[in-house]
Amino acid sequence: MDTFLLALHNLLRWAILILLVFSIIKSFSGWKNKRAFTAGDRKIWLFTLISAHITLLIGLYQLCFGRYGIFTTGLPAGTKLMKDTFYRFYWIEHPFGMIVSVVLITIGYGVAKKQMSDEKKFKKAFWLFLVALIIILATVPWPFRQAVGRPWLPGM
């Protein structure tokens with residue numbers, strides 16, 4: 001089951017990235033073109049929110065009970081958490097960055113419900129989604145990252 005959840009978590013990162021890029025593009029174009037906020041805008045932001053939350057829940061399970069989870073794995077003898085690149089990344093850096101990103105995405109979606117001008121909605125959402133994307137890109141275990149890299153797609 002751990003392997004399945006890890007593969008699902010890995011696949012869902014692509015869904016988040018694609019939906020987040022669409023959300024950024026829609027919010028930027030709405031802001032700059034002074035477009036009216038539509039149900040379609042809200043839906044793409046909602047799908048971004050849902051995929052981020054599902055991925056976060058799977059990731060929190062992996063953090064606690066996965067193959068290298070905090071409750072299922074101890075640090076190797078003589079290892080200090082902050083000096084070990086692998087455990088520091090998977091126990092601290094990655095979860096912290098992703099939680100912050102999901103909070104930003106949630107706030108960005110919450111902007112859609114606020115009573116404010118459409119231009120202001122798009123502008124706020126754009127900046128929140130953009131910062132969330134930057135944090136996600138910085139804290140994903142890309143294959144080229146030594147010691148923490150994961151494959152582009154599960155099974156590769």
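Listed by first and then second residue, the pairs with beta-carbon distance under 6 Å, at least 6 apart or on different chains, first residue in the range 58-72 and within 16 Å of PHE86 (Cα to Cα), second part of a helix (DSSP H, G or I) and acidic (Asp, Glu), are GLY66/ASP2; ARG67/ASP2. Residues in the range 6-24 include none that are more than 28 Å from ARG150 (Cα to Cα), more than 13 Å from the chain's Cα centre (by Cα) and not polar (S, T, N, Q). None of GLY78, GLY97 is of a type outside the set (Ser, Thr, Tyr), more than 18 Å from LYS124 (Cα to Cα) and in a loop (DSSP other than H, G, I, E, B) except GLY78.
Here LYS43 meets each of (1) part of a loop (DSSP other than H, G, I, E, B); (2) without any contact (Cβ under 8 Å) to a residue 12 or more places away in the chain; (3) of a type in the set (Lys, Arg) with one exception, condition (1).
Inspect the range 2-12 for any residue being assigned to a helix (DSSP H, G or I), out of contact with any helix residue (DSSP H, G or I) (no Cβ under 6 Å at 6 or more places or on another chain), surrounded by fewer than 14 Cβ atoms within 10 Å (Cβ to Cβ) and of a type in the set (Gly, Ala, Ser) and give the result as yes or no. The answer is no, given that none of the residues of the range 2-12 is assigned to a helix (DSSP H, G or I), out of contact with any helix residue (DSSP H, G or I) (no Cβ under 6 Å at 6 or more places or on another chain), surrounded by fewer than 14 Cβ atoms within 10 Å (Cβ to Cβ) and of a type in the set (Gly, Ala, Ser).
With (1) under 19 Å from ARG13 (Cβ atoms); (2) in contact with a Gly (Cβ under 7 Å, 6 or more places away or on another chain); (3) assigned to a helix (DSSP H, G or I) as the list, and ILE105 as the residue in question, which single condition is left unmet? It is condition (2) that ILE105 fails. Tally the residues that are farther than 13 Å from TYR109 by Cα and buried (at least 20 other Cβ atoms within 10 Å of the Cβ), restricting the search to the range 27-55. Counting residues in the range 27-55 that are farther than 13 Å from TYR109 by Cα and buried (at least 20 other Cβ atoms within 10 Å of the Cβ) gives 2.
Residues that are outside any helix (DSSP H, G or I) and surrounded by 15 or more Cβ atoms within 10 Å (Cβ to Cβ) within the range 108-127 comprise just one, ALA112. Residue check: is TYR90 over 14 Å from LEU20 (Cα atoms), surrounded by 11 or more Cβ atoms within 10 Å (Cβ to Cβ) and either of a type in the set (Gly, Ala, Ser) or modelled with pLDDT of 90 or more (or both)? Here the answer is yes, as TYR90 does meet what is asked.
I'd like to know if the range 33-54 contains one or more residues that are in contact with a Pro (Cβ under 7 Å, 6 or more places away or on another chain) and not polar (S, T, N, Q). No, that holds for no residue.
Restricting attention to the range 50-75, the residues that are within 16 Å of HIS94 (Cβ to Cβ), outside any helix (DSSP H, G or I) and not small (Gly, Ala, Ser) add up to 4. For the range 51-62, the criterion of being farther than 21 Å from ALA7 by Cβ and at pLDDT 90 or above is met by no residue. Has the range 92-103 got at least one residue that is more than 19 Å from THR48 (Cβ to Cβ), among the acidic types (Asp, Glu) and free of Cβ contacts under 8 Å to residues at least 60 places away in the same chain? The answer is yes, given that some residue of the range 92-103 is more than 19 Å from THR48 (Cβ to Cβ), among the acidic types (Asp, Glu) and free of Cβ contacts under 8 Å to residues at least 60 places away in the same chain.
Consider ALA36 carefully, then state whether it is among the aliphatic types (A, V, I, L, M) and more than 22 Å from VAL103 (Cβ to Cβ). Criteria met by ALA36.
The values are calculated or read from the model by the stated rules, or taken from the named source; none is laboratory data. Since the model is a prediction, treat every value here as computed from it, not as a measurement. As a convention, Cβ positions derive from the backbone with ideal geometry for all residues, glycine included, and neighbour counts pool all protein chains shown.
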